[in-house]
Amino acid sequence: MTSPDFATVDEAIATNLLGPWRMSAAFIPLMQKNRWGRIVNVSSGSGALHSMGSETPAYGVTKAALNALTIKLAKAVAGDGILVNAVCPGWVRTDMGGAAAPRSVEQGATSVLWAVELPDDGPTGGFFRDGKRVAW
Ligand SMILES: NC(=O)c1ccc[n+]([C@@H]2O[C@H](COP(=O)([O-])OP(=O)(O)OC[C@H]3O[C@@H](n4cnc5c(N)ncnc54)[C@H](OP(=O)(O)O)[C@@H]3O)[C@@H](O)[C@H]2O)c1
């Protein structure tokens, strides 16, 4: 944390923040044309400011930034039929989560898909896990 590997930080910013931001910028004009869209930023509890520890700083800081991007984008497209939310899949048994994680890939994916399948009057600009709002 106090002597970071900035190559790792740069990579995390590119992957966790700039990738979703560029992707959103590319697709939003098409979504606005159709007056319908869902942007689901796959975030993490590690990016929640209220419970942030010192571990995995590049990951946590960039997921917090992704959460901030979620709020900004949601407000920018409000009224255009586009819902923008951040979701946490929970701790999942993937390459990243490892074998000790309590959740299956299916459970993690379900938490994400909830925000993909939102009805038109669904929430926007929020942070969710398993369809329930979680604290930023
Ligand atoms: N697993 C968890 O417990 C957990 C918890 C909270 C949030 N999440 C989030 O859930 C999402 C999926 O994570 P996961 O657990 O499925 O991780 P994973 O098993 O490690 O898979 C990560 C995926 O991201 C791709 N990737 C990594 N760096 C990339 C880059 N620079 N450019 C393009 N693709 C890149 C990898 O591609 P390659 O296979 O080609 O390397 C891989 O397909 C992530 O956003 C993660 O932060 C996971």
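Couplings 3J(HN,Hα) of segment 8-16, computed from phi: 5, 4, 4, 5, 5, 4, 4, 7, 8 Hz, in residue order, whole Hz [Karplus 6.51 cos²θ - 1.76 cosθ + 1.60, θ = phi - 60°; x for Gly and Pro]. Packing, taken as the mean count of other beta carbons within 10 Å per residue, orders the peptides 25-31, 106-112, 69-75 from highest to lowest as 69-75, 106-112, 25-31.
With helices as the sole contributors, the chain gives -13000 deg cm²/dmol at 222 nm; each DSSP H run of n ≥ 4 counts as -39500 (n - 2.57), and the sum is divided by every residue. Once backbone amide H atoms are built at 1.01 Å from N, Arg129 has Cys88, Val134 as its partners under 5 Å, excluding neighbours fewer than 5 places away on the same chain. Of all beta bridges that DSSP places with both ends in the chain, some 20 percent have antiparallel geometry. Normalising the average separation of contacting C-alpha pairs (under 8 angstrom, six or more residues apart) by the number of residues puts the relative contact order of the chain at 25 percent. Full extension of the segment from Thr2 to Gln107, taken as 0.36 nm per residue of separation minus the current Cα-Cα distance, would add 34.3 nm.
Relative to the Cα centre, the charge distribution of the chain, modelled as +1 at Lys and Arg Cβ and -1 at Asp and Glu Cβ, gives a dipole magnitude of about 340 debye. A straight line joining the Cα centroids of segment 31-66 and segment 81-136 runs 11 Å. Listed peptides 113-121, 59-67 appear in the order 59-67, 113-121 once ranked by packing, highest mean of other Cβ atoms within 10 Å at the front.
Every number here is computed from the coordinates shown, using simple stated rules; none is lab data. Quantities reported herein were computed from a predicted structural model and do not represent experimental measurements. Cβ sites come from the backbone with ideal geometry, for glycine too, and all protein chains shown count toward neighbours.
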